[in-house]
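Chemist: Take this structure, written in structure tokens, and hold onto it; I'll ask about it next.
Nothing in this text is a laboratory measurement; each read-out follows from the coordinates by a stated rule. What you are looking at is a predicted structure, and each value in this text was computed from that prediction instead of being measured. Cβ coordinates were reconstructed from backbone atoms using ideal geometry, including for glycine residues, and neighbour counts include every protein chain displayed.
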Amino acid sequence: MTDTGQHVVSIGLSAAIVSVVDEQPSVLVVHHPGDADDALPFGPFDPLHHRTLESGLRTWVREQTHLDLGYAEQLYTFGDRGRHLVKAGEGLRVVSVGYLALMRATGELKAPDTLWRDWYRYFPWEDWRKAKPDIIGDHIVPALKAFVKAAPNAGVADQRRERLRLCFGSDGIGWDEEKVLERFELLYEAGLVQESARDGRVTKSQALGDSMVFDHRRILATAIARLRGKMKYRPVVFELMPPSFTLLELQRTVEALSGVRLHKQNFRRLVEGQGLVEGTGKVASYARGRPAELFRFRREVLSERPAPGVRLGSRPRGGV
């Protein structure tokens with residue numbers, strides 16, 4: 001802090017708490033009556049009462065949601081000017097430390113104003129499970145091509161065109177499900193999300209996907225990208241599974257998080273071949289049609305293999 005008491009920096013802690021509810025990837029949000037946007041659970045870091053950043057986060061989450069976090073990891077530190085302010089340049093400069101947390105959604109939420117939201121309502125262009133989302137061809141690509149055309153010079157136009165090509169897939173590149181943050185940042189810079197106008201980047205913006213308070217949609221995009229990438233080489237997806245499950249339930253969970261459909265037999269061979277699961281000798285009583293065998297996660301795989309994860313195979317085509 002300077003002698004004039006200005007330019008104070010505050011550390012905020014934000015949690016993207018992820019689950020899968022009815023085959024939909026969901027994030028826990030706080031939504032107070034009368035508020036326009038959802039928020040991730042968040043609060044300030046108090047160096048006098050919080051021993052570490054993570055302990056501070058767990059305290060805030062417990063107070064706001066009445067939930068005790070299990071698996072959690074730090075994502076990134078977000079500190080761009082204007083990202084955490086209603087009007088850029090006013091008040092404290094907030095540096096947000098974002099976390100990804102995973103938990104199974106069991107029972108009703110006990111805290112008021114908390115609920116599970118399908119994360120694709122914030123990023124509708126990310127769900128390719130049924131087909132390429134219409135929003136890409138109908139709205140995003142035309143708007144981004146106009147953004148390229150409006151570049152101030154040829155060099156900037158080339159950079160924007162290349163980002164469009166890499167983020168949304170073209171020239172045989174196909175869709176990369178991990179580029180969640182890169183896609184959101186491109187839409188933000190092009191003025192295609194509400195946060196662009198709110199942060200003062202543009203005077204008027206489109207509203208692709210539901211906005212969130214402050215920089216919370218950017219934090220969530222980072223969390224989705226981290227989870228999509230990490231579950232390919234670490235078995236973090238099992239943090240979201242019950243003690244026993246069918247292979248189809250596991251596949252649907254992986255598909256929900258990655259946003260792409262997987263080949264059933266290839267997926268089964270993958271998880272069994274990697275030694276990720278083992279049969280319980282029981283069948284699911286709730287399965288319709290042919291009885292489905294129940295499996296459990298083989299925790300021993302963590303010491304047996306250097307990178308035990310669920311690799312997704314080929315990416316969907318059909319980009320720009």
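Chemist: Under the Karplus relation 6.51 cos²θ - 1.76 cosθ + 1.60, θ = phi - 60°, what is the ordered set of whole-Hz ³J(HN,Hα) values for region 174-179, x standing for Gly and Pro?
Modeler: x, 8, 10, 5, 7, 7
Chemist: Another question, then. Using only the Cα atoms of the chain, what semi-axes does the equivalent ellipsoid have when each is the square root of 5 times a gyration tensor eigenvalue? Give whole Å, largest first.
Modeler: Values: eigenvalues 238, 150, 58 Å².
The answer is 35, 27, 17 Å, longest axis first.
Chemist: For region 106-168, what does the equivalent ellipsoid look like in terms of its semi-axes, each the square root of 5 times an eigenvalue of the Cα gyration tensor, given largest first in whole Å?
Modeler: Over the Cα atoms of region 106-168, the semi-axes work out to 36, 14, 9 Å.
Chemist: Pairs of Cα atoms under 8 Å, at least six residues apart: use those to get the relative contact order of the chain, whole percent.
Modeler: Working: 537 pairs, mean separation 61.7, N = 320.
Once divided by the residue count of the chain, the mean separation gives 19 percent.
Chemist: Highest first, please rank the peptides 272-283, 37-48 by the mean number of other Cβ atoms sitting within 10 Å of their residues. Provide the component values of the computation, followed by the final result.
Modeler: Values: 272-283: 14.0, 37-48: 17.5.
Final packing ranking: 37-48, 272-283.
Chemist: Between THR203 and ASN153, what's the calculated FRET efficiency when r is the beta-carbon distance and R0 is 22 Å? Round to 0.05.
Modeler: Values: r = 22 Å, r/R0 = 1.00.
Efficiency at R0 = 22 Å is approximately 0.50.
Chemist: For the chain, what proportion of DSSP beta bridges, expressed in % and rounded to the nearest 5, is antiparallel? Can you show the working numbers first?
Modeler: Working: 25 of 36 bridges.
Taking every DSSP beta bridge with both residues in the chain, the antiparallel ones total about 70 percent.
Chemist: Under the 0.36 nm per residue contour assumption, what length would be gained going from the current alpha-carbon distance of ARG290 and ARG311 to full extension? Walk me through the intermediate numbers first.
Modeler: Working: separation 21, 0.36 × 21 = 7.56 nm, distance 2.72 nm.
Extra length available between ARG290 and ARG311 comes to 4.8 nm.
Chemist: Would you mind computing, in nm to one decimal, how far apart the modelled labels at ARG261 and TYR76 are, each placed 7 Å from Cα along Cα→Cβ?
Modeler: 3.1
Chemist: Give me the net charge of ASP158's neighbourhood, meaning all other residues with Cβ under 13 Å from the Cβ of ASP158; Lys, Arg count +1, Asp, Glu -1.
Modeler: The answer is +4.
Chemist: Another one. What angle, in degrees between 0 and 90 and rounded to the nearest 10, separates the Cα long axis of helix 53-65 from the longest principal axis of the Cα atoms of the chain?
Modeler: Approximately 80 degrees, to the nearest 10.
Chemist: Can you give the local net charge around ARG58? Use residues other than it whose beta-carbon is closer than 11 angstrom to its beta-carbon, Lys and Arg +1, Asp and Glu -1. If you can, show how the numbers build up before the last one.
Modeler: Details: positive: ARG51, ARG62; negative: GLU54, GLU63, ASP68.
After counting each charged neighbour, the total is -1.
Chemist: Give the distance, in whole Å, between the Cα centre of region 1-75 and the Cα centre of region 211-229.
Modeler: Taking the Cα centre of each part, region 1-75 and region 211-229 sit 13 Å apart.
Chemist: Now for a separate question. How large is the dipole of region 124-209 about the Cα centre if only Lys and Arg carry +1 and Asp and Glu carry -1, each at its Cβ, rounded to the nearest 20 debye?
Modeler: Details: 14 positive and 15 negative charges, 66 e Å.
So the magnitude is around 320 debye.
Chemist: Let me ask you something else. Roughly how tilted is helix 216-230, in degrees to the nearest 10 and between 0 and 90, from the longest Cα axis of the chain?
Modeler: 30
Chemist: Helix 264-273 against the longest principal axis of the chain: what's the angle in degrees, Cα atoms only, rounded to the nearest 10?
Modeler: Helix 264-273 and the main axis of the chain meet at about 80 degrees.
Chemist: Take peptides 116-125, 221-230, 297-306 and line them up by average Cβ neighbours within 10 Å, highest first, as a rough protection proxy. Provide the component values of the computation, followed by the final result.
Modeler: Working: 116-125: 20.1, 221-230: 22.1, 297-306: 12.2.
Ranked from most to least packed, the peptides come out as 221-230, 116-125, 297-306.
Chemist: Amide H to amide H under 5 Å from TYR76: which residues, 5+ apart in sequence or cross-chain, H placed 1.01 Å off N in plane?
Modeler: Amide H neighbours of TYR76, under 5 Å, 5+ apart: GLY98.
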